[in-house]
Number of protein chains: 4
Amino acid sequence: MTSDRVIETLRAFAAERDWGRFHTPANLAQSISIEAAELLECFQWGAEGDPQHVRDELADVLTYCLLLADRIGADPSEIVLDKLEKTRVKYPAPGEAAE
Amino acid sequence: MTSDRVIETLRAFAAERDWGRFHTPANLAQSISIEAAELLECFQWGAEGDPQHVRDELADVLTYCLLLADRIGADPSEIVLDKLEKTRVKYPAPGEAAE
Amino acid sequence: MTSDRVIETLRAFAAERDWGRFHTPANLAQSISIEAAELLECFQWGAEGDPQHVRDELADVLTYCLLLADRIGADPSEIVLDKLEKTRVKYPAPGEAAE
Amino acid sequence: MTSDRVIETLRAFAAERDWGRFHTPANLAQSISIEAAELLECFQWGAEGDPQHVRDELADVLTYCLLLADRIGADPSEIVLDKLEKTRVKYPAPGEAAE
């Protein structure tokens, strides 16, 4: 399934429950941080990270990331690739000319 | 572009720079938290969040999420939809029978 | 120097700059998370953590913690010891009766 | 109670349970981030933050901060005041000469 279909499903899910009014960019950014820490907790004290738990918490982070991307009119794949180009310039691969 | 193509691009990018050895699940989870806070910083003290800055920081969070998904053999769309089903049961839409 | 003297110094510092109006509990909690991630960044990718950098970032987290404690009328030492008692019940030391 | 007495109490608590071996600086920094997000969660979606819940979560962040300060041989009050001097230079109060 593509990002677009997943975002449509998430939009519909939120709309059915009238949750959209909470989904301001600031609130979504906050939720991304909260969920990111729950994901990090899977590895607290050097733990390996229970596979299902990691999948669930990573899913939560991704969910809020997709909702935020949708809210600010950004295409997830596009912004990742755009940022990658900036990183490519900053960290050229061996053999590439530094700019 | 689909998630698969983006992940291939990220994999190649990391491989060219021999960064894969740092990409343990624990390290990636940690980086997701670090980037999530940089995204949150766009909204610190009630700021609106500069659009380009938000796009870049969200891209960083997504990038590490995709790298972690790849590392643990998870399909991003699939785990988001799987988690959504658990949330659907926990928060049924008005009219749906609670389970 | 005791916590009280440090908090007085922080209060005066913020007042001189008219920053108090930004210091709502929610904003301070957000800043604690943002600074906590900057501290975590000292150890990203398995790094040891440059001593001065760790001291500075830990100081930032502590600073916002003390400002939040002050804002909600909590004594830092008291709430730490109160919480410790709850943890003591949950994790009795070997030899202590579990409750 | 002063910071010193609180840290002694925390040290004894950890020692009784043989938890010291988990308390590397990197692990403690990670726990500070995890707890900071639990504190932030008190304010998620614009909530006011239940007073007792905020006290407990703030206590958790402070606890790990004090354990980390102790682990790296830093005095909490001293590093906060040291960092404040750097901030004072960066943000002079109205009337103070900028440096």
Checklist entry - Where the centre of each part is set by its Cα atoms, how far does segment D:34-80 sit from segment A:53-99, in angstrom? => result 30 Å
Checklist outcome for this item: homo-copy label distances at D:Ala15 (7 angstrom along Cα-Cβ), nm, one dp, ascending, are 4.0, 5.3, 6.3
Item to check | Listed residues D:Pro25, D:Pro76, D:Pro51, most fluctuating in chain D (Gaussian network, C-alpha, under 10 Å) | outcome: D:Pro51
Item to check | Value at 222 nm in deg cm²/dmol, rounded to 500, when DSSP H runs of n ≥ 4 in the protein assembly as shown each add -39,500 (n - 2.57) | outcome: -22500 deg cm²/dmol
Checklist outcome for this item: Sorted shortest first, the nm distances from the D:Gly95 label point (7 Å along Cα→Cβ) to its counterparts in the other copies are 5.8, 6.4, 6.5
Checklist entry - Which chain A residue puts its Cβ closest to the axis that rotates A onto C, and at what distance in whole Å? => result A:Ser33, 3
Item to check | Simple Cβ-charge dipole of chain B, Lys/Arg +1 and Asp/Glu -1, about Cα centre, in debye nearest 20 | outcome: 300 debye
Checklist entry - Along segment D:39-49, what does the Karplus equation 6.51 cos²θ - 1.76 cosθ + 1.60 (θ = phi - 60°) give for ³J(HN,Hα), rounded to whole Hz, x for Gly and Pro? => result 5, 4, 4, 4, 10, 4, 6, x, 5, 6, x
Checklist entry - Given label points at 7 Å from Cα along Cα→Cβ, what nm distances, shortest first, separate D:Glu78 from the same residue in every other copy? => result 2.8, 5.4, 5.4
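Return A:Ile32, D:Ile7, B:Ile34 ranked ascending by Cβ neighbour count within 10 Å, so the fewest neighbours appear first. Numbers along the way, then the final one.
Values: A:Ile32 30, D:Ile7 18, B:Ile34 23.
The fewest-first ordering by Cβ neighbours comes to D:Ile7, B:Ile34, A:Ile32.
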Item to check | Loop-resident sites, segment C:16-99, for trypsin sites (Lys or Arg not before Pro), counting at most 16 other Cβ within 10 Å (DSSP) | outcome: C:Arg17
Checklist entry - When a footprinting reagent is the concern and you count Cβ atoms within 10 Å, what order do D:Leu81, C:Leu62 take, fewest first? => result D:Leu81, C:Leu62
Item to check | Separation of the A:Ile72 and D:Asp18 label points, Cα + 7 Å toward Cβ, nm | outcome: 4.8 nm
Checklist entry - What aspartates and glutamates could a cross-link reach from B:Lys90, if we take a straight Cα to Cα line under 18 Å and drop same-chain neighbours fewer than 8 places away? => result A:Glu16, A:Asp18, A:Glu35, A:Asp56, A:Glu57, A:Asp60, B:Asp82, B:Glu99
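Taken together, the values in this text are just the output of simple stated rules run on the coordinates, not laboratory data. These figures come from a predicted structure and were not determined experimentally. Quick reminder, even Gly has a Cβ in these numbers, built from the backbone with ideal geometry, and neighbours come from all protein chains shown.
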